[in-house]
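Derivation of every value follows stated rules applied to the coordinates shown; laboratory data play no part. The model shown is predicted, which means the values in this text are computed figures rather than measured ones. Virtual Cβ from ideal backbone geometry, glycine too; neighbours counted across all protein chains shown.
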Amino acid sequence: MKARILIAGGYGLVGSFIARHVRKLSKEVELILAGRNPEKGAALARELGGATTARLDVSNAARGLSEVGHVDLIVAALQDPGDNLIHAALSRGVAHIGITKLAEDVAPATFAALRSPPTRPIVLLGHWQAGVLLHAAWKAAEPFSRVDSIQLAGLYDTKDPIGQMTASDSEHFVGRALLREAGAWKWLDATQHVRDIRLSDGRVLQGLPMSVLDVPSLAAVTGAPNVRFDFVQGDSLGTLAGGPASHDLYIDIEGLLKEGTPARRRTMVSGPAGNAHLTALGVLVVIERVLGLDGRPAAPGGLHLPETLVAPDEALARFKEFGVHIASDA
């Protein structure tokens, strides 16, 4: 039987990239592009082939899903403040991937999953670029026997288009921020904890911390006592080169290398097709693993994070296939 994936917000900017990435990976998967105005997705459905549209309002997710029928996976490429799609997935035994939850938002979904253990994967993917940064940083930490500090930054170029979901959520980007400092978790006012970030071309821009899930994820997988992520705005590498805006990620790791030498290393990730394209790639590698599109058995049920599903080498290889540039000063 063909796998059926429902993408809520599937004809939006990020959702359409997810759909196109999946179609490039597999011609067999059936795609359902869902939203409140499904007529807007008709042209994309025809372009993709093997795709349909459906009316779905997250405030009444049960009704919309009932009309669609059985699906194997729900991808929420939109805001779902009531976690209605997660609850619907739990009750139906369907896998779910959500990309919008920050650290302060995940408790309700976590409690729901603990109360009703998922029979299919429920994936919290509120990481920067849906886990692209996490996988790159996790890989960059491999040469270290001890990681003392991980400093992350995502540079957004205003020339890079953003979808309605991101635009409506941008006001929440700067507020309380979750940081790991000296082994302690701290919630801080982002505006009072600006960090100067030196970019690859020598510019120094100010970054504001955010509570993306990369911070607790990387603290867990590396043991680093100091982890923070900062949001930066400025001209990207793509714009500076005279081309389309790129989305650029900076990873600075300090610690002790396995050969016993103290070191500080930087890894850069640049998505030349912009932030929505890059975010969709983070979703793609999780879809592959959840449904077993990588040729292995589908992932087991439970509450998952990208690092519990996908190995960094596999993720980075897929990102590079789709044109992402990754470079380290090591």
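Under a model in which nothing but the beta-carbon of Lys, Arg (+1) and Asp, Glu (-1) is charged, segment 129-273 shows a dipole of about 360 debye around its Cα centre. Note on segment 1-154: Kirkwood radius taken over Cα pairs, Stokes-Einstein applied at 25 °C and 0.890 mPa s, translational D equal to 148 µm² s⁻¹.
Based on DSSP, what percent of beta bridges with both residues in the chain are antiparallel, to the nearest 5? Spell out each step's value before the answer.
Working: 37 of 69 bridges.
Of the beta bridges lying entirely in the chain, close to 55 percent run antiparallel.
Between residue 36 and residue 314, the simple spin-label model (points 7 angstrom out along Cα→Cβ) gives 3.7 nm. Within the listed set 261, 53, 100, the Gaussian network model of the chain (springs between alpha-carbon atoms below 10 Å) gives the highest mean-square fluctuation for 261.
The equivalent ellipsoid of segment 129-273 has semi-axes of 25, 19, 13 Å, largest first, where each one is the square root of 5 times an eigenvalue of the Cα gyration tensor. With the charge dipole of segment 129-273 set up from +1 on Lys and Arg Cβ and -1 on Asp and Glu Cβ about the Cα centre, the Cα lying farthest toward the positive end among the listed residues 218, 153, 269 is that of 218.
Helix by helix, which DSSP H runs in the chain go 27 Å or more along their axis at the Cα atoms and have an average Kyte-Doolittle hydropathy of 1.6 or more?
Numbers: long enough: none.
Passing helices, by number: none.
In whole Å, how far is the Cα centre of segment 277-325 from that of segment 217-247? Taking the Cα centre of segment 217-247 as reference, the centre of segment 277-325 is 20 Å away.
Below 8 Å between Cα atoms, with a sequence gap of 6+, how large is the relative contact order for the chain in percent?
On the way: 721 pairs, mean separation 63.3, N = 330.
Dividing the mean separation by the residue count of the chain yields 19 percent.
Cross-link pairs exceeding 26 Å between alpha carbons, from the set 40/159; 101/258; 186/320; 101/186; 27/101: 101/258; 186/320; 27/101.
The residues packed around residue 58, meaning those with a beta-carbon under 10 Å from its beta-carbon, carry a net charge of -2 if Lys and Arg are +1 and Asp and Glu are -1.
Using helices alone, I'd like the mean residue ellipticity at 222 nm for the chain: each DSSP H run of four-plus residues gives -39500 (n - 2.57), total over residue count, nearest 500.
-9000 deg cm²/dmol
If the only charges are +1 at each Lys and Arg Cβ and -1 at each Asp and Glu Cβ, what is the size of the charge dipole of the chain around the Cα centre, to the nearest 20 debye?
Details: 33 positive and 35 negative charges, 130 e Å.
Dipole size: approximately 620 debye.
Summing charges over all other residues whose Cβ lies under 15 Å from the Cβ of residue 159, with Lys and Arg as +1 and Asp and Glu as -1, gives -4. Between 216, 300, 143, the residue with the greatest mean-square fluctuation in the GNM of the chain (Cα pairs under 10 Å linked by springs) is 143. Pick out which of 192, 129, 79 has the largest mean-square fluctuation in a Gaussian network model of the chain, springs linking Cα atoms closer than 10 Å. It is 192.
Please report the antiparallel percentage of the DSSP beta bridges confined to segment 129-273, to the nearest 5. Before the final figure, lay out the partial values.
Details: 33 of 41 bridges.
In segment 129-273, DSSP labels about 80 percent of beta bridges as antiparallel.
Considering the values (i) 21.2; (ii) 21.8; (iii) 20.1, which represents Kirkwood radius over Cα pairs in Å as calculated for the structure under consideration? Comparing each candidate, only (iii) matches the computed number.
Pairs of alpha-carbon atoms within less than 8 angstrom and 6+ residues apart define the contacts here; what relative contact order does segment 129-273 have, in percent?
Values: 309 pairs, mean separation 50.5, N = 145.
Relative contact order here is 35 percent.
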